[in-house]
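Take a look at the structure set out below.
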Amino acid sequence: MNYPELLKLAVKAAFIAGDEILKIYTTDFYVETKSDDTPVTLADKTSGQLISKILAETNIPIISEEEEILDYSVRKDWEHVWIVDPLDGTKEFIKRNGEFAVNIALVKNNKPVIGVIYAPFIKDIYFAYQNGGSYKITQHDMVQELTKKNLSDHLFEFSKKLPSQKLPKTYTVVGSRSHLSREVNEHVDKLRNLYGEVDMISVGGSIKQCWVADGKAHEYPRFGTTMEWDTAAGQCILEESGNALIDLGTGLPMVYNREKMKNNFFVAKHRFGESKQ
């Protein structure tokens, strides 16, 4: 399995989907409510269809938030599977604050081996592949130029390896803009007992995991409902940058293509910030 080539295909899919998401973003789009009371828009559906069409050429099964998920009796024997969130941060998309992303991960034997997170509005892309490291391209003009070029020749031309910066001197926690909870506040209080001052920053969508991988924050705790497609891509980016996403139910790295796809609570943690814990 050629992971660098599959990574390039996933990046291509993310860019194409991101362009379509932005076209819808500027319209008066309709918001539906799914059976689980979460919102969905035309952008979610269109992005999902485009990504699935592109990834289908790999002949690897796809699990996508906006498509029917096959029974575990079928999925359990898959060695490789794509796990996709076509529009992570739908609530932020609806609020029009720009903090949404496309998540694409490839999982092998329950472990993420490719991760792509692309935030099309702010033109940030983070990506990683197993034993290849984690990277980012965050300058708008560079991403714009990259989308016009042959990805196989230019994907790494403008990228920086993660982490690209030193951790803040003050212990820093990144939290969800739309999902802060009592449990998170209690967790931050415990961190204050350990570290003294703690800075809290908020941002929407899966980009939070990337900020931890890049050294902008020490950790991202999540004590609320998430699904596999919310974390698979980010976990690969975290792990390939030397960091971790820990399932608080097991105390181990999160695994994927489980029978129940709802995640336990978790914490994304910068390894260099663990000395006191």
Reciprocal mean inverse distance between Cα atoms of the chain - Kirkwood radius, Å
18.7
Filter Lys136/Lys269; Lys95/Lys160; Lys166/Lys269 down to the pairs with a C-alpha to C-alpha distance above 25 Å, please.
Lys95/Lys160
Compute the label zone of Leu194 within the range 232-256: residues whose backbone N is under 17 Å from the point 7 Å along Cα-to-Cβ.
243-253
Just check the range 3-161 against the gyration tensor rule for me: Cα atoms, a ≥ b ≥ c as the square roots of the eigenvalues, rounded for a/c under 1.5, and otherwise prolate or oblate depending on whether a/b exceeds b/c.
oblate
Once every DSSP H run of n ≥ 4 in the chain is given -39500 (n - 2.57) and the sum is divided by its residues, what mean residue ellipticity at 222 nm do you get, rounded to the nearest 500 deg cm²/dmol?
-10000 deg cm²/dmol
Can you give me the distance in nm between label points at Lys262 and Gln165, each placed 7 Å from the Cα along the Cα-to-Cβ direction?
3.6
Hey, could you get me the Stokes-Einstein D for the range 171-273, Kirkwood radius over alpha-carbon pairs, 25 °C and 0.890 mPa s, rounded to whole µm² s⁻¹?
181
Taking Lys and Arg as +1 and Asp and Glu as -1, residues besides Val255 with C-beta under 15 Å from its C-beta add up to +1
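Bear in mind that the values in this text are calculations on the coordinates, not laboratory data. Values in this document were obtained by computation on a predicted structure and should not be read as measured data. Because the Cβ atoms are built from the backbone with ideal geometry, glycine has one as well, and the counts that use them run over all protein chains shown.
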